[in-house]
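The values are calculated or read from the model by the stated rules, or taken from the named source; none is laboratory data. Note that the structure is predicted; figures quoted are calculated from it, not measured. Glycine also receives a Cβ, built like all others from the backbone with ideal geometry; neighbour counts cover every protein chain displayed. With ligands, DNA and RNA removed, areas are computed over all heavy atoms of the protein, side chains included. Shrake-Rupley method; radii C 1.70, N 1.55, O 1.52, S 1.80 Å.
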Amino acid sequence: MIRINQIKFDVNDPITEAMISKKVAHALKISESTIERIIKVKESIDARRNVVISYTFDVAVKNEKALLKKGFKRAPQSYEPIYVTESKLIRAYRESERESQLPAPVIIGYGPAGMFAGLTLAKAGMKPIIYEMGEDIDQRDETIKAFWSGGQLNEKSNVQFGAGGAGTYSDGKLTTRIKDRRIEMVIEAFIEAGAPEEIRYKNKPHIGTDLLKGIVKSITKTIEAYGGTVCFNHEVTDFKKEDKRITAIELNQDTWIPVNEVILAIGHSSRRTFEKLHKKQLEMIPKPFAVGVRIEHPQSIINLSQYGRAYKSPNLGQADYKLTYQTKKGRSVYSFCMCPGGSVVASASEKETIVVNGMSEYKRDSGTANSALLVNVNPEDYMNQKNPTVLDGMYFQRAVEKKAYQLTETYRAPSQTVGEFLNQTLPIETYENNWKEKYGDSDVDYHLAFESLKPSYRPDVVSEKLEACLPTFIYEAIREALPVFGQKIKGYDDPRAILTGVETRSSSPIRMIRDIESLESSHYEAFYPCGEGAGYAGGITSSAVDGIKVAEKVILKRIQSIK
(Lines give C-alpha, C1' and ligand atoms only; values in the text may rest on other atoms or scores of the structure.)
Protein backbone atom coordinates (compact mmCIF):
# COMPACT_ATOMS: atom_id res chain seq x y z
CA MET A 1 0.00 0.00 0.00
CA ILE A 2 1.07 3.58 -0.66
CA ARG A 3 1.08 6.04 2.25
CA ILE A 4 0.09 9.65 1.61
CA ASN A 5 0.08 12.42 4.19
CA GLN A 6 -1.49 15.84 4.61
CA ILE A 7 -4.72 15.24 2.71
CA LYS A 8 -6.68 18.20 3.99
CA PHE A 9 -10.37 18.97 4.19
CA ASP A 10 -12.01 22.23 5.05
CA VAL A 11 -13.71 21.89 8.40
CA ASN A 12 -17.13 22.24 6.75
CA ASP A 13 -16.45 19.84 3.85
CA PRO A 14 -18.54 16.67 3.75
CA ILE A 15 -15.92 14.00 4.50
CA THR A 16 -17.54 11.18 2.56
CA GLU A 17 -15.98 8.12 0.94
CA ALA A 18 -16.53 9.74 -2.47
CA MET A 19 -14.79 12.94 -1.41
CA ILE A 20 -11.89 11.00 0.12
CA SER A 21 -11.48 8.93 -3.06
CA LYS A 22 -11.48 12.09 -5.19
CA LYS A 23 -8.84 13.83 -3.07
CA VAL A 24 -6.63 10.72 -2.85
CA ALA A 25 -6.76 10.22 -6.64
CA HIS A 26 -5.85 13.86 -7.15
CA ALA A 27 -2.92 13.62 -4.71
CA LEU A 28 -1.58 10.48 -6.40
CA LYS A 29 -2.40 11.82 -9.90
CA ILE A 30 -4.26 8.67 -10.84
CA SER A 31 -7.78 7.73 -11.88
CA GLU A 32 -10.21 6.87 -9.10
CA SER A 33 -10.94 3.61 -10.92
CA THR A 34 -7.42 2.35 -10.12
CA ILE A 35 -7.94 2.69 -6.36
CA GLU A 36 -8.72 -0.62 -4.70
CA ARG A 37 -8.80 0.31 -1.01
CA ILE A 38 -8.27 3.34 1.23
CA ILE A 39 -7.53 3.05 4.95
CA LYS A 40 -7.57 5.96 7.37
CA VAL A 41 -4.32 5.89 9.31
CA LYS A 42 -4.50 9.19 11.15
CA GLU A 43 -6.89 12.10 11.54
CA SER A 44 -5.82 15.34 13.16
CA ILE A 45 -7.21 18.85 13.50
CA ASP A 46 -5.02 21.83 12.63
CA ALA A 47 -6.48 24.96 14.24
CA ARG A 48 -3.43 27.20 14.01
CA ARG A 49 -5.01 29.41 11.30
CA ASN A 50 -8.10 28.31 9.45
CA VAL A 51 -9.33 25.07 10.96
CA VAL A 52 -8.65 22.11 8.68
CA ILE A 53 -8.91 18.36 9.15
CA SER A 54 -5.83 16.53 7.94
CA TYR A 55 -5.58 12.82 7.12
CA THR A 56 -2.94 10.23 6.47
CA PHE A 57 -4.17 7.43 4.21
CA ASP A 58 -2.78 4.10 3.09
CA VAL A 59 -3.96 3.32 -0.43
CA ALA A 60 -4.00 0.07 -2.38
CA VAL A 61 -3.82 0.68 -6.14
CA LYS A 62 -3.69 -1.53 -9.22
CA ASN A 63 -0.26 -0.34 -10.35
CA GLU A 64 1.72 0.31 -7.19
CA LYS A 65 5.11 -0.03 -8.88
CA ALA A 66 4.42 2.95 -11.12
CA LEU A 67 3.69 5.15 -8.08
CA LEU A 68 6.83 3.94 -6.30
CA LYS A 69 8.88 4.92 -9.34
CA LYS A 70 7.34 8.41 -9.15
CA GLY A 71 8.66 8.78 -5.60
CA PHE A 72 5.65 7.82 -3.51
CA LYS A 73 6.45 5.72 -0.43
CA ARG A 74 5.15 2.33 0.57
CA ALA A 75 3.19 2.10 3.82
CA PRO A 76 5.49 0.91 6.63
CA GLN A 77 3.18 -1.85 7.89
CA SER A 78 0.59 -4.28 6.66
CA TYR A 79 -3.01 -4.49 7.78
CA GLU A 80 -3.30 -8.17 8.46
CA PRO A 81 -5.18 -9.20 11.63
CA ILE A 82 -3.19 -7.77 14.51
CA TYR A 83 -0.91 -10.14 16.33
CA VAL A 84 -2.44 -9.90 19.79
CA THR A 85 -3.90 -13.34 18.98
CA GLU A 86 -1.30 -14.54 16.51
CA SER A 87 2.11 -13.22 17.59
CA LYS A 88 5.07 -15.48 16.91
CA LEU A 89 5.64 -15.83 20.64
CA ILE A 90 2.06 -16.90 21.36
CA ARG A 91 2.07 -19.37 18.47
CA ALA A 92 5.38 -20.77 19.63
CA TYR A 93 3.97 -21.49 23.07
CA ARG A 94 0.81 -23.05 21.65
CA GLU A 95 2.88 -25.34 19.47
CA SER A 96 5.37 -26.31 22.17
CA GLU A 97 5.04 -29.22 24.54
CA ARG A 98 3.62 -27.02 27.21
CA GLU A 99 2.26 -29.63 29.59
CA SER A 100 3.74 -28.60 32.91
CA GLN A 101 3.26 -29.17 36.60
CA LEU A 102 3.81 -25.48 37.25
CA PRO A 103 0.86 -23.49 38.62
CA ALA A 104 -0.90 -21.14 36.20
CA PRO A 105 0.57 -17.63 36.08
CA VAL A 106 -1.03 -15.31 38.61
CA ILE A 107 -1.89 -11.69 37.89
CA ILE A 108 -2.63 -9.29 40.74
CA GLY A 109 -4.83 -6.40 39.65
CA TYR A 110 -7.32 -6.00 36.82
CA GLY A 111 -6.68 -2.56 35.43
CA PRO A 112 -5.36 -2.13 31.88
CA ALA A 113 -1.98 -3.74 32.66
CA GLY A 114 -3.50 -6.79 34.35
CA MET A 115 -6.28 -7.09 31.80
CA PHE A 116 -3.96 -7.12 28.79
CA ALA A 117 -1.40 -9.34 30.48
CA GLY A 118 -4.26 -11.73 31.16
CA LEU A 119 -5.61 -11.49 27.61
CA THR A 120 -2.17 -12.24 26.14
CA LEU A 121 -1.50 -15.20 28.44
CA ALA A 122 -4.99 -16.60 27.97
CA LYS A 123 -4.74 -16.49 24.18
CA ALA A 124 -1.42 -18.29 24.45
CA GLY A 125 -3.17 -21.09 26.32
CA MET A 126 -1.59 -20.47 29.72
CA LYS A 127 -4.88 -20.12 31.64
CA PRO A 128 -3.88 -17.24 33.92
CA ILE A 129 -5.63 -16.56 37.20
CA ILE A 130 -6.34 -12.88 37.88
CA TYR A 131 -7.10 -11.60 41.37
CA GLU A 132 -8.81 -8.22 41.69
CA MET A 133 -9.64 -6.65 45.05
CA GLY A 134 -12.62 -4.71 43.69
CA GLU A 135 -15.95 -5.78 42.29
CA ASP A 136 -16.98 -6.77 38.78
CA ILE A 137 -18.12 -3.92 36.56
CA ASP A 138 -21.84 -4.13 37.33
CA GLN A 139 -21.44 -4.27 41.10
CA ARG A 140 -18.68 -1.69 41.01
CA ASP A 141 -20.86 0.72 39.05
CA GLU A 142 -23.64 0.48 41.64
CA THR A 143 -21.14 0.96 44.49
CA ILE A 144 -19.61 4.05 42.90
CA LYS A 145 -22.95 5.63 42.07
CA ALA A 146 -24.11 5.08 45.65
CA PHE A 147 -20.97 6.83 46.95
CA TRP A 148 -21.44 9.72 44.55
CA SER A 149 -25.00 10.06 45.82
CA GLY A 150 -23.80 10.54 49.39
CA GLY A 151 -23.37 6.95 50.51
CA GLN A 152 -20.45 5.26 52.22
CA LEU A 153 -17.05 4.77 50.61
CA ASN A 154 -16.10 1.18 49.86
CA GLU A 155 -12.33 1.11 50.30
CA LYS A 156 -11.95 -2.04 48.20
CA SER A 157 -14.20 -1.10 45.28
CA ASN A 158 -14.38 2.48 44.08
CA VAL A 159 -13.13 4.74 41.27
CA GLN A 160 -9.57 3.46 41.86
CA PHE A 161 -10.25 -0.26 42.36
CA GLY A 162 -12.38 -2.80 40.55
CA ALA A 163 -12.87 -4.24 37.07
CA GLY A 164 -10.94 -2.17 34.53
CA GLY A 165 -9.03 -0.16 37.11
CA ALA A 166 -9.05 3.62 37.51
CA GLY A 167 -9.11 4.12 33.75
CA THR A 168 -12.66 2.84 33.49
CA TYR A 169 -13.95 5.91 35.33
CA SER A 170 -12.04 8.52 33.36
CA ASP A 171 -12.29 9.89 29.86
CA GLY A 172 -11.05 6.64 28.37
CA LYS A 173 -8.21 8.48 26.63
CA LEU A 174 -5.92 6.29 24.56
CA THR A 175 -3.30 8.92 23.78
CA THR A 176 0.23 8.01 24.78
CA ARG A 177 3.74 9.30 24.28
CA ILE A 178 5.29 5.87 23.88
CA LYS A 179 6.10 4.31 20.51
CA ASP A 180 5.43 0.60 20.47
CA ARG A 181 3.99 -1.90 17.99
CA ARG A 182 1.86 -3.29 20.80
CA ILE A 183 -0.28 -0.14 20.77
CA GLU A 184 -2.01 -1.59 17.73
CA MET A 185 -2.69 -4.75 19.69
CA VAL A 186 -4.40 -2.70 22.39
CA ILE A 187 -6.47 -0.70 19.90
CA GLU A 188 -7.59 -3.79 18.00
CA ALA A 189 -8.52 -5.60 21.21
CA PHE A 190 -10.66 -2.62 22.27
CA ILE A 191 -12.41 -2.52 18.89
CA GLU A 192 -13.02 -6.26 19.00
CA ALA A 193 -14.59 -5.72 22.43
CA GLY A 194 -16.93 -3.00 21.17
CA ALA A 195 -14.97 0.27 20.97
CA PRO A 196 -15.70 2.56 17.98
CA GLU A 197 -13.60 1.99 14.85
CA GLU A 198 -12.44 5.61 14.91
CA ILE A 199 -9.95 4.93 17.70
CA ARG A 200 -7.71 3.41 15.00
CA TYR A 201 -7.07 6.74 13.33
CA LYS A 202 -8.10 9.60 15.60
CA ASN A 203 -5.16 11.70 16.70
CA LYS A 204 -6.57 11.83 20.23
CA PRO A 205 -8.70 8.71 20.53
CA HIS A 206 -10.99 8.25 23.48
CA ILE A 207 -13.70 5.75 24.40
CA GLY A 208 -15.58 7.24 27.35
CA THR A 209 -16.63 5.68 30.63
CA ASP A 210 -20.06 4.63 29.37
CA LEU A 211 -18.56 2.47 26.61
CA LEU A 212 -15.59 1.27 28.65
CA LYS A 213 -17.85 -0.53 31.09
CA GLY A 214 -19.16 -2.83 28.36
CA ILE A 215 -15.71 -3.22 26.82
CA VAL A 216 -14.23 -4.39 30.13
CA LYS A 217 -17.00 -6.98 30.44
CA SER A 218 -16.34 -8.19 26.89
CA ILE A 219 -12.59 -8.56 27.43
CA THR A 220 -13.28 -10.44 30.67
CA LYS A 221 -15.47 -12.91 28.77
CA THR A 222 -12.73 -13.35 26.16
CA ILE A 223 -10.13 -14.15 28.82
CA GLU A 224 -12.49 -16.68 30.37
CA ALA A 225 -13.32 -18.19 26.97
CA TYR A 226 -9.62 -18.93 26.48
CA GLY A 227 -9.39 -20.66 29.85
CA GLY A 228 -8.35 -17.78 32.08
CA THR A 229 -10.02 -17.02 35.42
CA VAL A 230 -10.89 -13.57 36.74
CA CYS A 231 -11.61 -13.50 40.48
CA PHE A 232 -13.23 -10.31 41.79
CA ASN A 233 -13.47 -9.44 45.49
CA HIS A 234 -10.12 -11.19 46.02
CA GLU A 235 -7.53 -8.99 47.72
CA VAL A 236 -3.94 -10.22 47.87
CA THR A 237 -3.14 -9.46 51.51
CA ASP A 238 0.29 -11.01 51.98
CA PHE A 239 3.24 -12.62 50.22
CA LYS A 240 5.38 -15.57 51.29
CA LYS A 241 9.00 -15.41 50.22
CA GLU A 242 11.68 -18.07 50.13
CA ASP A 243 15.15 -16.95 49.14
CA LYS A 244 14.68 -14.96 45.94
CA ARG A 245 11.15 -16.05 45.06
CA ILE A 246 7.57 -15.30 46.06
CA THR A 247 6.24 -18.80 46.58
CA ALA A 248 2.71 -18.12 47.82
CA ILE A 249 0.17 -15.34 48.19
CA GLU A 250 -2.53 -14.83 50.78
CA LEU A 251 -6.07 -14.01 49.64
CA ASN A 252 -8.50 -12.02 51.81
CA GLN A 253 -6.36 -12.70 54.92
CA ASP A 254 -7.43 -16.34 55.14
CA THR A 255 -6.27 -18.47 52.18
CA TRP A 256 -2.76 -19.17 50.91
CA ILE A 257 -2.14 -20.42 47.39
CA PRO A 258 1.19 -21.46 45.81
CA VAL A 259 2.46 -19.38 42.89
CA ASN A 260 5.20 -19.64 40.31
CA GLU A 261 5.07 -16.54 38.09
CA VAL A 262 3.40 -13.44 39.52
CA ILE A 263 2.54 -10.37 37.46
CA LEU A 264 2.00 -7.46 39.81
CA ALA A 265 -0.37 -5.13 37.94
CA ILE A 266 -1.68 -3.01 40.79
CA GLY A 267 -2.68 0.62 40.31
CA HIS A 268 -1.05 3.80 41.54
CA SER A 269 -3.40 3.88 44.55
CA SER A 270 -2.63 0.40 45.93
CA ARG A 271 -1.19 1.71 49.15
CA ARG A 272 -1.72 -1.34 51.35
CA THR A 273 0.14 -3.45 48.80
CA PHE A 274 2.96 -0.89 48.57
CA GLU A 275 3.39 -1.12 52.34
CA LYS A 276 3.29 -4.91 52.36
CA LEU A 277 5.89 -5.21 49.60
CA HIS A 278 8.09 -2.63 51.29
CA LYS A 279 8.14 -4.84 54.38
CA LYS A 280 9.04 -7.79 52.14
CA GLN A 281 12.05 -5.75 50.97
CA LEU A 282 10.95 -5.42 47.36
CA GLU A 283 13.32 -2.87 45.85
CA MET A 284 11.56 0.45 45.20
CA ILE A 285 12.61 4.03 44.75
CA PRO A 286 10.62 7.26 45.30
CA LYS A 287 9.66 9.13 42.13
CA PRO A 288 8.18 12.50 41.13
CA PHE A 289 4.45 12.98 40.71
CA ALA A 290 2.11 15.97 40.69
CA VAL A 291 -0.63 17.44 42.88
CA GLY A 292 -3.22 20.14 42.26
CA VAL A 293 -6.90 20.79 41.61
CA ARG A 294 -9.57 20.42 38.93
CA ILE A 295 -10.72 23.49 37.01
CA GLU A 296 -14.08 23.76 35.21
CA HIS A 297 -15.23 26.05 32.38
CA PRO A 298 -18.19 26.15 30.01
CA GLN A 299 -17.30 23.84 27.11
CA SER A 300 -18.61 26.41 24.64
CA ILE A 301 -15.91 28.86 25.78
CA ILE A 302 -13.18 26.28 25.18
CA ASN A 303 -14.65 25.31 21.79
CA LEU A 304 -14.69 28.86 20.49
CA SER A 305 -11.26 29.62 21.94
CA GLN A 306 -9.69 26.61 20.25
CA TYR A 307 -11.61 26.39 16.97
CA GLY A 308 -12.89 29.93 16.41
CA ARG A 309 -16.15 30.28 14.51
CA ALA A 310 -15.67 26.84 12.97
CA TYR A 311 -16.47 25.22 16.32
CA LYS A 312 -20.04 24.34 15.29
CA SER A 313 -18.88 22.12 12.42
CA PRO A 314 -20.23 18.56 12.76
CA ASN A 315 -16.75 17.35 11.78
CA LEU A 316 -15.30 18.71 15.02
CA GLY A 317 -15.80 17.20 18.43
CA GLN A 318 -15.54 19.01 21.71
CA ALA A 319 -12.27 20.93 21.95
CA ASP A 320 -9.55 20.13 24.43
CA TYR A 321 -6.43 22.03 25.43
CA LYS A 322 -2.94 21.53 26.79
CA LEU A 323 -1.33 24.25 28.89
CA THR A 324 2.09 24.45 30.53
CA TYR A 325 3.90 27.12 32.53
CA GLN A 326 7.20 27.39 34.37
CA THR A 327 6.98 29.54 37.50
CA LYS A 328 9.60 32.05 38.55
CA LYS A 329 10.80 29.49 41.11
CA GLY A 330 11.10 26.79 38.46
CA ARG A 331 7.93 24.84 39.19
CA SER A 332 6.03 23.22 36.33
CA VAL A 333 2.29 23.91 36.26
CA TYR A 334 0.32 22.09 33.60
CA SER A 335 -3.09 20.87 32.55
CA PHE A 336 -3.54 17.11 32.79
CA CYS A 337 -6.22 14.61 31.80
CA MET A 338 -8.39 17.32 30.24
CA CYS A 339 -11.96 16.03 29.92
CA PRO A 340 -14.07 17.87 27.32
CA GLY A 341 -17.77 17.71 28.03
CA GLY A 342 -17.18 15.80 31.23
CA SER A 343 -17.50 16.08 34.99
CA VAL A 344 -15.37 16.09 38.12
CA VAL A 345 -15.78 12.88 40.11
CA ALA A 346 -15.13 11.72 43.67
CA SER A 347 -12.20 9.32 43.49
CA ALA A 348 -11.19 8.61 47.08
CA SER A 349 -10.06 5.10 47.99
CA GLU A 350 -9.35 5.64 51.70
CA LYS A 351 -11.84 6.72 54.32
CA GLU A 352 -11.86 10.35 55.41
CA THR A 353 -9.89 11.52 52.39
CA ILE A 354 -10.94 13.53 49.35
CA VAL A 355 -9.57 12.88 45.87
CA VAL A 356 -10.94 14.34 42.65
CA ASN A 357 -10.52 13.25 39.06
CA GLY A 358 -12.11 13.94 35.68
CA MET A 359 -14.46 11.74 33.67
CA SER A 360 -16.19 11.96 30.29
CA GLU A 361 -18.61 9.73 28.44
CA TYR A 362 -18.19 8.93 24.75
CA LYS A 363 -20.30 11.84 23.45
CA ARG A 364 -18.67 14.35 25.80
CA ASP A 365 -21.92 16.25 25.93
CA SER A 366 -22.17 17.52 29.52
CA GLY A 367 -21.53 21.12 28.43
CA THR A 368 -18.70 21.53 30.95
CA ALA A 369 -14.96 21.21 30.37
CA ASN A 370 -12.68 20.15 33.20
CA SER A 371 -8.98 19.53 33.60
CA ALA A 372 -6.47 18.94 36.34
CA LEU A 373 -4.13 21.83 37.06
CA LEU A 374 -1.08 20.15 38.53
CA VAL A 375 2.23 21.20 40.02
CA ASN A 376 5.26 18.91 39.92
CA VAL A 377 6.27 17.36 43.25
CA ASN A 378 9.80 15.97 43.59
CA PRO A 379 11.24 13.60 46.20
CA GLU A 380 13.08 16.48 47.86
CA ASP A 381 9.67 18.10 48.46
CA TYR A 382 8.29 15.21 50.46
CA MET A 383 11.08 13.04 51.86
CA ASN A 384 11.14 12.99 55.65
CA GLN A 385 14.46 14.53 56.60
CA LYS A 386 14.79 12.73 59.93
CA ASN A 387 13.57 9.28 58.95
CA PRO A 388 13.11 9.04 55.16
CA THR A 389 11.39 6.04 53.61
CA VAL A 390 10.61 5.09 50.03
CA LEU A 391 6.89 5.54 50.79
CA ASP A 392 7.13 9.19 51.84
CA GLY A 393 5.51 10.32 48.57
CA MET A 394 2.50 8.15 49.35
CA TYR A 395 2.29 9.65 52.83
CA PHE A 396 2.54 13.15 51.32
CA GLN A 397 -0.43 12.42 49.03
CA ARG A 398 -2.44 11.01 51.91
CA ALA A 399 -1.77 14.03 54.11
CA VAL A 400 -3.08 16.40 51.43
CA GLU A 401 -6.19 14.25 50.93
CA LYS A 402 -6.90 14.15 54.67
CA LYS A 403 -6.56 17.92 54.98
CA ALA A 404 -9.11 18.32 52.20
CA TYR A 405 -11.52 16.03 54.05
CA GLN A 406 -10.97 17.87 57.35
CA LEU A 407 -12.09 21.12 55.72
CA THR A 408 -15.58 19.76 55.12
CA GLU A 409 -15.67 16.71 57.48
CA THR A 410 -17.59 14.94 54.70
CA TYR A 411 -16.88 13.63 51.20
CA ARG A 412 -18.10 16.97 49.86
CA ALA A 413 -15.06 18.53 48.24
CA PRO A 414 -13.57 21.94 49.04
CA SER A 415 -14.14 24.32 46.16
CA GLN A 416 -13.55 27.95 45.20
CA THR A 417 -14.13 30.13 42.22
CA VAL A 418 -11.01 31.30 40.44
CA GLY A 419 -11.83 34.83 41.62
CA GLU A 420 -11.82 33.71 45.24
CA PHE A 421 -8.65 31.68 44.77
CA LEU A 422 -6.80 34.61 43.18
CA ASN A 423 -8.34 37.25 45.43
CA GLN A 424 -9.35 38.79 42.13
CA THR A 425 -10.48 42.41 42.20
CA LEU A 426 -11.00 42.98 38.47
CA PRO A 427 -14.72 43.29 37.66
CA ILE A 428 -16.36 40.55 35.62
CA GLU A 429 -17.09 43.11 32.92
CA THR A 430 -13.35 43.31 32.19
CA TYR A 431 -13.27 39.64 31.22
CA GLU A 432 -16.45 39.91 29.19
CA ASN A 433 -15.11 42.96 27.33
CA ASN A 434 -11.83 41.19 26.62
CA TRP A 435 -13.84 38.32 25.16
CA LYS A 436 -15.90 40.63 22.97
CA GLU A 437 -12.75 42.36 21.70
CA LYS A 438 -11.40 39.06 20.46
CA TYR A 439 -14.55 37.28 19.29
CA GLY A 440 -16.89 40.18 18.51
CA ASP A 441 -20.46 39.15 17.85
CA SER A 442 -19.91 35.41 18.30
CA ASP A 443 -23.06 33.45 19.08
CA VAL A 444 -21.50 32.15 22.32
CA ASP A 445 -23.09 34.10 25.15
CA TYR A 446 -20.03 34.49 27.36
CA HIS A 447 -21.93 36.02 30.27
CA LEU A 448 -24.68 33.40 30.29
CA ALA A 449 -22.19 30.53 29.86
CA PHE A 450 -20.29 31.47 33.02
CA GLU A 451 -23.38 32.48 35.00
CA SER A 452 -24.80 29.01 34.30
CA LEU A 453 -21.62 27.17 35.29
CA LYS A 454 -22.03 24.96 38.37
CA PRO A 455 -19.63 22.54 40.08
CA SER A 456 -20.14 19.07 38.64
CA TYR A 457 -18.52 17.18 41.53
CA ARG A 458 -20.76 14.75 43.38
CA PRO A 459 -21.88 14.30 46.14
CA ASP A 460 -21.38 18.09 46.42
CA VAL A 461 -18.87 20.85 47.11
CA VAL A 462 -18.35 23.19 50.03
CA SER A 463 -16.91 26.68 49.68
CA GLU A 464 -13.54 26.45 51.42
CA LYS A 465 -10.13 27.98 50.81
CA LEU A 466 -8.04 25.48 48.86
CA GLU A 467 -4.85 26.93 50.29
CA ALA A 468 -5.89 25.38 53.60
CA CYS A 469 -5.27 21.88 52.23
CA LEU A 470 -2.68 22.43 49.50
CA PRO A 471 1.03 22.80 50.30
CA THR A 472 2.15 26.42 49.91
CA PHE A 473 4.40 25.77 46.90
CA ILE A 474 1.50 24.16 45.04
CA TYR A 475 -1.19 26.79 45.48
CA GLU A 476 1.30 29.60 44.92
CA ALA A 477 2.38 28.02 41.64
CA ILE A 478 -1.22 27.63 40.48
CA ARG A 479 -1.97 31.24 41.42
CA GLU A 480 0.97 32.39 39.33
CA ALA A 481 -0.01 30.23 36.36
CA LEU A 482 -3.73 31.00 36.09
CA PRO A 483 -3.44 34.57 34.70
CA VAL A 484 -0.87 33.33 32.19
CA PHE A 485 -3.24 30.59 31.04
CA GLY A 486 -5.91 33.30 30.78
CA GLN A 487 -3.73 35.02 28.17
CA LYS A 488 -3.54 31.81 26.15
CA ILE A 489 -7.26 30.96 26.38
CA LYS A 490 -9.56 33.93 26.87
CA GLY A 491 -11.79 33.38 29.87
CA TYR A 492 -9.60 30.70 31.43
CA ASP A 493 -9.00 32.83 34.53
CA ASP A 494 -12.51 34.26 34.59
CA PRO A 495 -13.49 34.76 38.27
CA ARG A 496 -16.48 32.43 37.80
CA ALA A 497 -14.45 29.40 36.68
CA ILE A 498 -14.52 26.68 39.35
CA LEU A 499 -11.67 25.01 41.22
CA THR A 500 -12.24 21.78 43.17
CA GLY A 501 -9.65 19.95 45.22
CA VAL A 502 -7.67 17.89 45.57
CA GLU A 503 -6.11 15.92 42.70
CA THR A 504 -3.27 13.77 44.03
CA ARG A 505 -3.30 10.55 41.99
CA SER A 506 -1.68 11.70 38.76
CA SER A 507 0.87 8.88 38.92
CA SER A 508 2.49 6.42 41.27
CA PRO A 509 4.69 7.85 44.03
CA ILE A 510 7.12 4.92 43.71
CA ARG A 511 8.87 2.83 41.08
CA MET A 512 9.54 -0.87 41.63
CA ILE A 513 12.95 -1.72 40.24
CA ARG A 514 12.98 -4.43 37.59
CA ASP A 515 15.56 -5.90 35.23
CA ILE A 516 15.67 -4.09 31.89
CA GLU A 517 15.79 -7.30 29.86
CA SER A 518 13.72 -9.87 31.79
CA LEU A 519 11.32 -7.30 33.36
CA GLU A 520 11.50 -9.33 36.58
CA SER A 521 11.85 -7.62 39.93
CA SER A 522 15.44 -6.91 40.84
CA HIS A 523 14.76 -8.66 44.15
CA TYR A 524 12.53 -11.62 43.28
CA GLU A 525 12.68 -14.07 40.39
CA ALA A 526 9.51 -14.66 38.34
CA PHE A 527 7.92 -11.60 39.96
CA TYR A 528 6.98 -8.97 37.37
CA PRO A 529 5.96 -5.46 38.51
CA CYS A 530 4.20 -3.62 35.68
CA GLY A 531 1.82 -0.81 34.80
CA GLU A 532 1.03 2.40 36.66
CA GLY A 533 1.38 1.14 40.22
CA ALA A 534 4.89 -0.12 39.55
CA GLY A 535 5.82 3.23 38.02
CA TYR A 536 6.20 2.05 34.41
CA ALA A 537 3.17 3.58 32.72
CA GLY A 538 0.88 6.57 32.73
CA GLY A 539 -2.56 6.01 31.25
CA ILE A 540 -4.65 3.25 29.72
CA THR A 541 -2.61 2.54 26.60
CA SER A 542 0.88 2.59 28.09
CA SER A 543 -0.33 0.42 31.01
CA ALA A 544 -1.89 -2.09 28.63
CA VAL A 545 1.28 -2.19 26.54
CA ASP A 546 3.40 -2.80 29.64
CA GLY A 547 1.09 -5.65 30.63
CA ILE A 548 1.53 -7.25 27.21
CA LYS A 549 5.32 -6.86 27.37
CA VAL A 550 5.50 -8.57 30.73
CA ALA A 551 3.17 -11.37 29.59
CA GLU A 552 5.44 -11.98 26.60
CA LYS A 553 8.41 -12.36 28.96
CA VAL A 554 6.47 -14.93 31.00
CA ILE A 555 5.63 -16.88 27.83
CA LEU A 556 9.22 -16.75 26.60
CA LYS A 557 10.57 -18.01 29.91
CA ARG A 558 8.10 -20.91 29.88
CA ILE A 559 9.14 -21.83 26.32
CA GLN A 560 12.79 -21.77 27.31
CA SER A 561 12.12 -23.96 30.36
CA ILE A 562 10.29 -26.50 28.20
CA LYS A 563 13.16 -26.68 25.73
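Values computed for the structure shown
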item	result
Candidate set from the range 266-293 (those that are buried (at least 21 other Cβ atoms within 10 Å of the Cβ) and touching a Gly at 6+ places or on another chain (Cβ under 6 Å)); member that is nearest to Y446 (Cα to Cα)	V293
Of residues in the range 316-356 being buried (at least 17 other Cβ atoms within 10 Å of the Cβ) and of a type in the set (D, E), the one nearest to V159 (Cα to Cα)	E350
Single condition K276 does not satisfy, out of (1) of a type outside the set (V, I, T); (2) under 25 Å from the mean Cα position of the chain (by Cα); (3) over 14 Å from I107 (Cα atoms)	(2)
Extreme residue, most open to solvent (accessible area, probe 1.4 Å), among residues of the range 380-406 that are over 14 Å from G292 (Cα atoms) and among the acidic types (D, E)	E380
Residue match in the range 357-368 (condition: open to solvent by less than 10 Å² (accessible area, probe 1.4 Å) and either at pLDDT 95 or above or part of a strand (DSSP E or B) (or both))	yes
Test: residue in the range 209-228 that is over 24 Å from A346 (Cα atoms), in contact with a strand residue (DSSP E or B) (Cβ under 9 Å, 6 or more places away or on another chain), of a type outside the set (S, T, N, Q) and crowded, with 18+ Cβ neighbours inside 10 Å	yes
Hey, I144 open to solvent by less than 10 Å² (accessible area, probe 1.4 Å), assigned to a strand (DSSP E or B) and modelled with pLDDT of 95 or more or not	no
Any hit, the range 233-244, residues being among the hydrophobic types (A, V, I, L, M, F, W, C) and either open to solvent by 60 Å² or more (accessible area, probe 1.4 Å) or not in a strand (DSSP E or B) (or both)	no
Lone qualifier among Q385, Q406, Q397, Q416 - being polar (S, T, N, Q), under 30 Å from R271 (Cβ atoms) and touching a Leu at 6+ places or on another chain (Cβ under 6 Å)	Q416
Positions within the range 245-255 being within 33 Å of the chain's Cα centre (by Cα) and not in a loop (DSSP other than H, G, I, E, B), in sequence order	R245, I246, T247, A248, I249, E250, L251
Members of the range 464-517 found to be in contact (Cβ under 8 Å) with a residue 24 or more places away in the chain, among the charged types (D, E, K, R) and assigned to a loop (DSSP other than H, G, I, E, B), listed by number	E464, K465, K490, D493, D494, R496, R505
Residues located in the range 318-338, provided they are in a strand (DSSP E or B), closer than 27 Å to I207 by Cα and of a type in the set (F, W, Y)	Y334, F336
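To keep it simple, each residue is scored yes or no on (1) assigned to a helix (DSSP H, G or I); (2) open to solvent by less than 70 Å² (accessible area, probe 1.4 Å); (3) in contact with a helix residue (DSSP H, G or I) (Cβ under 9 Å, 6 or more places away or on another chain); (4) aromatic (F, W, Y).
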{"site": "G419", "(1), (2), (3), (4)": "yes, yes, yes, no"}
{"site": "E437", "(1), (2), (3), (4)": "yes, no, no, no"}
{"site": "L448", "(1), (2), (3), (4)": "yes, no, no, no"}
{"site": "K454", "(1), (2), (3), (4)": "no, no, no, no"}
